[in-house]
Amino acid sequence: MLVLKVLLLLLYGVGNIGCSTVPDNTTDMLSLLVDLSSNNFSGQIPHLANLQKMQVLNLSFNTLDGIIPDTLTNCSNLRKLDLYTNLLKGMIPSAIGLLRNLVYIDLSRNNLTGIIPASLKNISLLETIYLQDNQLEGSIPDELGRFSNILVLVLGGNRLSGNIPASLFNLSSLQALELRANLLGGTLPTNTGDHLTNLRKLYMGHNMLEGHIPASLSNASMLEDIVLQSNNFTGRIPTSLVKLLRLSKLDLQLNMLEAKDTEGWKFLDALTNCTALKMLALHANQLQGVIPNSIGCLPSTLQYLILGGNKLSGIIPPSIGNLSGLILLALDENSLAGAIDQWIGNLKNLQSLYLQKNMFTGPIPYSIGNLTQLTELYMENNAFEGHIPPSLGNPSLMLKLDLSYNSLQGTIPPEISNLRQLIYLQLTSNKLTGKIPDSLGMCQNLVIIQMDQNFLTGTIPITLYKLKGLSVLNLSHNILSGTIPAVLGDLPLLSNLDLAYNNLQGEIPRNGLFRNATSVYLEGNRGLCGGVMDLHMPSCPQVSHRIERKSNLTRLLIPIVGFLSLTVLICLIYLVKKTPRRTYLSLLSFGKQFPRVSYKDIAQATGNFSRLNLIGRGSYSSVYRAKLSPVKIQVAIKVFDLETRCADESFISECEILRSIRHRNLLPILTACSTIDYSGNDFKALIYEYMPNGNLDMWLHKKNTSVASKCLSLSQRVNIAVDIANAVSYLHHECERSIIHCDLKPTNILLDSDMNAYLGDFGISSLILESKFASLGHSCPNSLIGLKGTIGYIAPEYAQCGNASTYGDVYGFGIVLLEMLTGKRPTDPMFENELNIVNFVEKSFPEQIPHIIDAQLQEECKGFNQERIEQENRFYKCLLSVVQVALSCTHPIPRERMDIREIAIKLQAIRTSYAEATKRDDKLRRRELQCTMELV
């Protein structure tokens, strides 16, 4: 601050005292213009009471903080004020209206609060006002509509509320009006465009505006950009837009605009006259039915056509191939069907193609290789079949390729290796066969490779060692054989390696990534051995010099053992036929070589179901801690109360689901028991691995004395969130039939001794019985009657329809995140009338979040405050990032919620960023300590 003050005084002094070596006109210019922008000035703006002659003050692009001093208003000749992109806070001085000569003011990209001062009306010469990206609140002053010379008014990215003053729509000189990302509501007046004869840019997106889009907008004939996205507009898109011959961008995404019939689609015909049109964005509205063939008559200038997230059906009209200027085409998340014809090859300028989550069939057209400019191709979650065309190797600029969840067959074409820029390759859940191409190692920019759930054979290519940027490699659920290449452990950025459920053999490497058991998934490979202890794999056999002698002995024993085995098998078959069915069912096992248990074993292990061993109770069952006598291990036994309605169905549902899923963050089941008790009554129980740290609810609300003195750090909470997000993502996207959990809540999240989280209780879960190509989020046809879940965690749309959906799981996950951060249950007594946990957090975001979080987290944050500001920032950024994810999960409109896969990726990124920042802080602290010791 001192340096800045001296510079300002020197500039002022030069202008008033003069210098024999400086011409008079130069000194006058210096006194009039002060430009110290784009430096590293910090601290507060000094008082400027003596700079009355100054006409231009530019301090932009620095790190100045503190308030804007009131003495600035003494600079009575000031015409241009630039303070944008600093860290200024506090209110805009209420006396700013004293700067009556001001023509240009830019205070954007700071942390200014309070209201927009009405005194601005006194500055009659103002032409340009930039106040965007602050934290201003209150309503837009009606006085702003009195500027006769105003050209640009930019107020976006604040917290302004209320209706837009009607006076703003009378500013005939206005060329740009930007009010995006506020809390503005109400409707636009019917005469909105009547007086805005010079308006070129209209940005009102991300507000809460409603009603119809006024047809009078077409009277603002100079309009080039109309951006009204993320509001609540309804009705049809006006056909009067035909008058806007200069229109370049029409962005109406994320509204509730309708096109149900021919009349509703007439706006397309109107837009054919807008010969300058470059963007038409209508994502996530209520457009229905078949896309009219007239879409191919849109101007050849069109570069962005965005129609995803609607209710479109039928085939894509071939006329769309006429739009040869398209750079981006998005038709995702609709119900479009049929084959993709050769028209796709005409779009030679296309860079991004989004066709995912539809019902497309047939092969991927060979002509797609004509799109040599293509950088992103998303075709997942459809029913494409046939081979992956080798021509897909032609677009050498390709960055992202996603063909997952289709029925593609045949081998992976080696031409894929031509995609040298590729960073994301997703081929999950197809019917691909053959080997993974060795040439894949030539795509050295790859970060994510997912080829799981196919029928790939052969070995893992050793050439993958060239992929130094690889972060995720998932080859699970294939038929791969051979050994695991040790070179994979040397990949510096590889953080997730999933090779589970293949036919891999040999010793597990111990280098690099393989030292971290939580990052490597190898279950389901019976031939693997060794590795670090945390992998819990069998030891590799030692080589003996008597191998030959043992081999001979083996040859002798094989026929003997075979004869004895046949004898035992015959006896078992005889016994099974004689054994009553109920007794036989008690021997049902889910595998893992766990011993079969009877009712007697369970009764003894639980002390005849003693309350002392009771650790939980649910709607249909009770859970006991027990130690089974055959193996002396501690387990959790879930005993179903079969007198309760639907308890039997709950047991069957949980068995049906648990037998078909395997994931590291799903509660491991050991066995099941279905038999009769001593009184001849039906008895059903499930036996799980015991989780020594209980459930998340105990830790958040201190219900257990063993955890009453302990607390969860922010890092632990993020880890738990990542674990559960991964589990839910697996259920939704990676199972043969998508599974909806239906009851995400802290009591169903279990914690092992290392605080790893596991999702449990599938008693009311639902299997989506449609094919895996159906769009996720559709209603589940086998849902139980009535609402599914627990009050407080049930998605609001379930009140209208009891059918379960993946969107409902995402909502429940978001509520759990909010509970983890605030320490408050969604059923807390404080949440009454219109207040709930979601809007409670929304109202506090972002500034007040540190004040409403769990007391334990507040203590952790205070600890940072006492140490370093960097640590506080790191903690605060992580906290806000998780809150943002939670709020995006709990959007009242289901389709506006994030997909769980995206949630998992975001949370993993937040965890990684927080961990890296922690390491940097720790390293810096150790370095400071070392320096202190050296000084001592």
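The values are calculated or read from the model by the stated rules, or taken from the named source; none is laboratory data. Small disclaimer: the values here were computed from a predicted structure and weren't measured. Glycine gets a Cβ as well: all are built from the backbone with ideal geometry, and neighbour counts include every protein chain shown.
Need a quick list: strands (runs of 3 or more DSSP E) entirely within region 374-453 having at least 3 residues that are among the β-branched types (Val, Ile, Thr), at positive phi and not assigned by TED's automatic domain parsing to the domain that holds Arg737. Reasoning before the result, please.
Numbers: elements: 376-378, 385-387, 400-402, 407-410, 424-426, 431-435, 448-450.
By residue number, no strands (runs of 3 or more DSSP E) qualify.
Kindly indicate whether any position in region 355-365 is over 22 Å from Ile412 (Cα atoms) and not charged (D, E, K, R).
yes
If I ask for residues that are loosely packed, with under 15 Cβ neighbours inside 10 Å, within 24 Å of Glu523 (Cβ to Cβ) and either assigned by TED's automatic domain parsing to the domain that holds His732 or modelled with pLDDT of 80 or more (or both), which ones from region 624-666 would you list?
Of everything in region 624-666, just one residue is loosely packed, with under 15 Cβ neighbours inside 10 Å, within 24 Å of Glu523 (Cβ to Cβ) and either assigned by TED's automatic domain parsing to the domain that holds His732 or modelled with pLDDT of 80 or more (or both), namely Gln634.
Restricting attention to region 277-325, which residues are within 17 Å of Ile340 (Cβ to Cβ) and in contact with a His (Cβ under 9 Å, 6 or more places away or on another chain)?
Correct list: Leu307, Gly308.
In a strand (DSSP E or B), of a type in the set (Phe, Trp, Tyr), in contact (Cβ under 8 Å) with a residue 24 or more places away in the chain and crowded, with 18+ Cβ neighbours inside 10 Å: is that true of Phe267 in this structure?
It is false that Phe267 is in a strand (DSSP E or B), of a type in the set (Phe, Trp, Tyr), in contact (Cβ under 8 Å) with a residue 24 or more places away in the chain and crowded, with 18+ Cβ neighbours inside 10 Å.
Here is a yes/no grid of residues against (1) polar (S, T, N, Q); (2) under 42 Å from the mean Cα position of the chain (by Cα); (3) within 14 Å of Val635 (Cβ to Cβ); (4) modelled with pLDDT of 85 or more:
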| site | (1), (2), (3), (4) |
| --- | --- |
| Arg581 | no, no, no, no |
| Leu585 | no, no, no, no |
| Ser589 | yes, yes, yes, no |
| Gln593 | yes, yes, no, no |
| Tyr599 | no, no, no, yes |
| Gln604 | yes, no, yes, yes |
| Arg611 | no, no, no, no |
| Gly616 | no, yes, yes, no |
| Ser622 | yes, yes, no, yes |
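Do you know which residues across region 710-751 are over 21 Å from Tyr811 (Cβ atoms) and among the basic types (Lys, Arg)?
Residues of region 710-751 over 21 Å from Tyr811 (Cβ atoms): 710-716, 719, 736-737, 750-751.
Of everything in region 710-751, those that are over 21 Å from Tyr811 (Cβ atoms) and among the basic types (Lys, Arg) turn out to be Lys710, Arg737.
Just for helices (runs of 4 or more DSSP H) wholly inside region 644-749: which have at least 3 residues that are more than 26 Å from Met451 (Cβ to Cβ), out of contact with any Cys (no Cβ under 6 Å at 6 or more places or on another chain) and of a type in the set (D, E, K, R)? Steps first, please.
Numbers: elements: 647-658, 696-701, 714-729.
Passing ranges, in order: 647-658.
What about Thr27, is it surrounded by 13 or more Cβ atoms within 10 Å (Cβ to Cβ), of a type in the set (S, T, N, Q) and at pLDDT below 85?
yes
Can you tell me which residue is modelled with the highest pLDDT among those in region 865-880 that are assigned to a helix (DSSP H, G or I), surrounded by fewer than 18 Cβ atoms within 10 Å (Cβ to Cβ) and not charged (D, E, K, R)?
Only one residue tops the list, namely Leu880.
Just wondering, is there one or more residues in region 790-798 that are at pLDDT below 85 and surrounded by fewer than 20 Cβ atoms within 10 Å (Cβ to Cβ)?
There is at least one residue in region 790-798 that is at pLDDT below 85 and surrounded by fewer than 20 Cβ atoms within 10 Å (Cβ to Cβ).
Starting from residues that are more than 28 Å from the chain's Cα centre (by Cα) and over 14 Å from Phe267 (Cβ atoms), keep the ones in region 224-239 and report whichever is surrounded by the fewest Cβ atoms within 10 Å (Cβ to Cβ).
By that ranking, first place goes to Glu224.
Assess whether Ile785 counts as being outside the structural domain of Leu670 (by TED's automatic domain parsing), at pLDDT 50 or above, aliphatic (A, V, I, L, M) and touching a Gly at 6+ places or on another chain (Cβ under 8 Å).
For Ile785, the condition - outside the structural domain of Leu670 (by TED's automatic domain parsing), at pLDDT 50 or above, aliphatic (A, V, I, L, M) and touching a Gly at 6+ places or on another chain (Cβ under 8 Å) - is not met.
List the number of the failed condition for Ile129; all other conditions in (1) among the aliphatic types (A, V, I, L, M); (2) within 21 Å of Leu188 (Cα to Cα); (3) outside any loop (DSSP other than H, G, I, E, B) hold.
The number of the failed condition is (2).
Listed residues Leu282, Leu179, Leu245; which is surrounded by fewer than 16 Cβ atoms within 10 Å (Cβ to Cβ) and not polar (S, T, N, Q)?
Leu245
Just to check your reading of the model, which residue among Arg109, Arg79 is under 21 Å from Asp35 (Cβ atoms) and within 37 Å of the chain's Cα centre (by Cα)?
Selected residue: Arg109, the only one of Arg109, Arg79 that is under 21 Å from Asp35 (Cβ atoms) and within 37 Å of the chain's Cα centre (by Cα).
Can you pull out the residues in region 411-467 that are crowded, with 17+ Cβ neighbours inside 10 Å and touching an Asp or Glu at 6+ places or on another chain (Cβ under 6 Å)?
Gln426, Thr428, Thr463, listed by residue number.
Please work out if Ala774 is surrounded by 22 or more Cβ atoms within 10 Å (Cβ to Cβ), modelled with pLDDT under 80 and within 30 Å of Asn454 (Cβ to Cβ).
no
In this structure, is Ile213 part of a strand (DSSP E or B) and of a type in the set (A, V, I, L, M, F, W, C)?
Taking the combined requirement at face value, the residue does not satisfy it.
Quick check, is Ser888 small (Gly, Ala, Ser) and either over 19 Å from Ala284 (Cβ atoms) or not in a helix (DSSP H, G or I) (or both)? Spell out the reasoning first.
Details: small (Gly, Ala, Ser): yes; either over 19 Å from Ala284 (Cβ atoms) or not in a helix (DSSP H, G or I) (or both): no.
The answer is no for Ser888.
Are any residues in region 345-364 over 30 Å from the mean Cα position of the chain (by Cα) and either in a helix (DSSP H, G or I) or over 13 Å from Asn394 (Cβ atoms) (or both), and if so, which ones?
Residues satisfying the conditions are Gly345, Asn346, Leu347, Gly362, Pro363.
Inspect all residues belonging to region 472-486 and state whether any of them is in contact (Cβ under 8 Å) with a residue 24 or more places away in the chain, out of contact with any strand residue (DSSP E or B) (no Cβ under 8 Å at 6 or more places or on another chain), buried (at least 22 other Cβ atoms within 10 Å of the Cβ) and closer than 19 Å to Leu425 by Cα.
The answer is yes; a qualifying residue exists.
Restricting attention to region 309-320, does a residue exist that is crowded, with 19+ Cβ neighbours inside 10 Å and closer than 19 Å to Pro238 by Cα?
Yes, because at least one residue in region 309-320 is crowded, with 19+ Cβ neighbours inside 10 Å and closer than 19 Å to Pro238 by Cα.
Going through region 507-524 one residue at a time, which ones are over 21 Å from Lys468 (Cβ atoms), over 26 Å from the mean Cα position of the chain (by Cα) and modelled with pLDDT under 90? Reasoning before the result, please.
Restricting attention to region 507-524, the residues satisfying the condition of being over 21 Å from Lys468 (Cβ atoms) are 507-508, 517-518, 521-524.
Of the ones still in play, those that are also over 26 Å from the mean Cα position of the chain (by Cα) are 507-508, 522-524.
Answer for region 507-524, where residues must be over 21 Å from Lys468 (Cβ atoms), over 26 Å from the mean Cα position of the chain (by Cα) and modelled with pLDDT under 90: Glu523, Gly524.
Find all pairs meeting these conditions: Cβ atoms under 6 angstrom apart; at least six residues apart or on different chains; first residue within region 665-681 and free of Cβ contacts under 8 Å to residues at least 40 places away in the same chain; second residue in a strand (DSSP E or B).
none
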